[in-house]
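The values are calculated or read from the model by the stated rules, or taken from the named source; none is laboratory data. Quantities reported herein were computed from a predicted structural model and do not represent experimental measurements. Here the Cβ is made from the backbone with ideal geometry for all residues, glycine too, and neighbour counts use every protein chain on show. Quick note on the areas: whole protein, heavy atoms, side chains included, nothing else; ligands and nucleic acids left out. Shrake-Rupley method; radii C 1.70, N 1.55, O 1.52, S 1.80 Å.
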Amino acid sequence: MPATPRIALIHATHIAMEPIHACFVSAWPEADTINILEDSLSPDRAKVAELTEALTKRIVALAAYGVQAGSDAVLFTCSAFGKAIEKAAAELPVPVLKPNEAMFEAAISQGGRTAMLYTFPPARKGMEEEFLEEAARLKPSARIESFLVDGAIEAIRGGDVETHNRLVANAAARLRGFDAIMLAHFSTARALESVRAVTKIPVFSSPDAAVAKLRKLLA
C-alpha cells in the first residue's frame, strides 16, 4: 500500500460528503482523499424508474477521471447507481467500491434478518438486489426488509440534522426481531449514534464499513 494512498470519493449529492470525511479522519487519516461532486446525478436518477445507459456512462466516466487523477481506489457515496458502479469496477485497474457493499457484508454476518432504513426512494430496489446478491454468496438464508423514513432526506437537505437523526432513530426504535439494522445511505450515517441509543440490535453504516474495506484492500 502506498504510504499515502489516494482515494477518489465520488458524490452525487453534497449531503454525503461530511459523513465519509469524518470516517476517514477517525479511521484512516493517512489517506489522501479527493472529492468529485456531480450533483446533477441525484435529481436525474430520481426522474427515472431504472438506471439508464446515459447515467451509467456518466458514472463510468467519473470513476475513470478518479483513476486519471492518480487514485489508488475509487469509492462512490451515492446508493442509487449500483449496476453502473459494477461496470466501472470491471473496466478500471483499481478497486472501485459501491457505497454499501462492505456494510452488506457486515450486516449479513450478523444473522438472517436485516432491516434497512432508507430515505431516498430511488435507491431501494437496487440496494435490495445488491444485498441479495451478497447474501447468495455469503449466507443464502439472509433476508432484507426495507423501511422508508419519511421526511428525513428533506430535513438533511435543509440543514436540519437534528430532525433527520430523530426521524431515523424513531424508525429504528420500532423495529423488532431483526439481527441487524443498516442505515442505507452515506447521508443517513449522521444518525448512527442516535439509532444505537434506542436499540440493542447491531447497527451498521456505509461510511465506516467502506473505509475499513478500502484499507484492507489496499494493504
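Quick notes on this structure:
- Residue check for G158: within 29 Å of P43 (Cβ to Cβ) and without any contact (Cβ under 8 Å) to a residue 40 or more places away in the chain: yes
- Residue pairs meeting the criteria (Cβ under 6 Å; at least 6 apart or on separate chains; first more than 18 Å from E101 (Cα to Cα), in region 183-204; second modelled with pLDDT of 95 or more and surrounded by fewer than 19 Cβ atoms within 10 Å (Cβ to Cβ)): R190/V161; V198/A173
- Residue within region 33-42 that is farther than 23 Å from K213 by Cα and part of a helix (DSSP H, G or I) present: yes
- Condition met for A123 (part of a helix (DSSP H, G or I), open to solvent by less than 30 Å² (accessible area, probe 1.4 Å), of a type in the set (A, V, I, L, M) and modelled with pLDDT of 95 or more): no
- T77 vs. criteria open to solvent by less than 20 Å² (accessible area, probe 1.4 Å), in contact (Cβ under 8 Å) with a residue 12 or more places away in the chain and in the same structural domain as R190 (by the TED database): no
- Checked against the criteria, E105 counts as of a type in the set (D, E) and either under 24 Å from R190 (Cβ atoms) or open to solvent by less than 10 Å² (accessible area, probe 1.4 Å) (or both).
- Of all residues making up region 34-52, the number that are small (G, A, S) and within 16 Å of the chain's Cα centre (by Cα): 1
- For G112, the criteria (1) open to solvent by less than 20 Å² (accessible area, probe 1.4 Å); (2) at pLDDT below 95; (3) over 19 Å from T13 (Cβ atoms) hold in every case but one, which is (1).
- Scanning region 1-16 for residues that are closer than 21 Å to A64 by Cβ, open to solvent by 10 Å² or more (accessible area, probe 1.4 Å) and in a helix (DSSP H, G or I) yields nothing.
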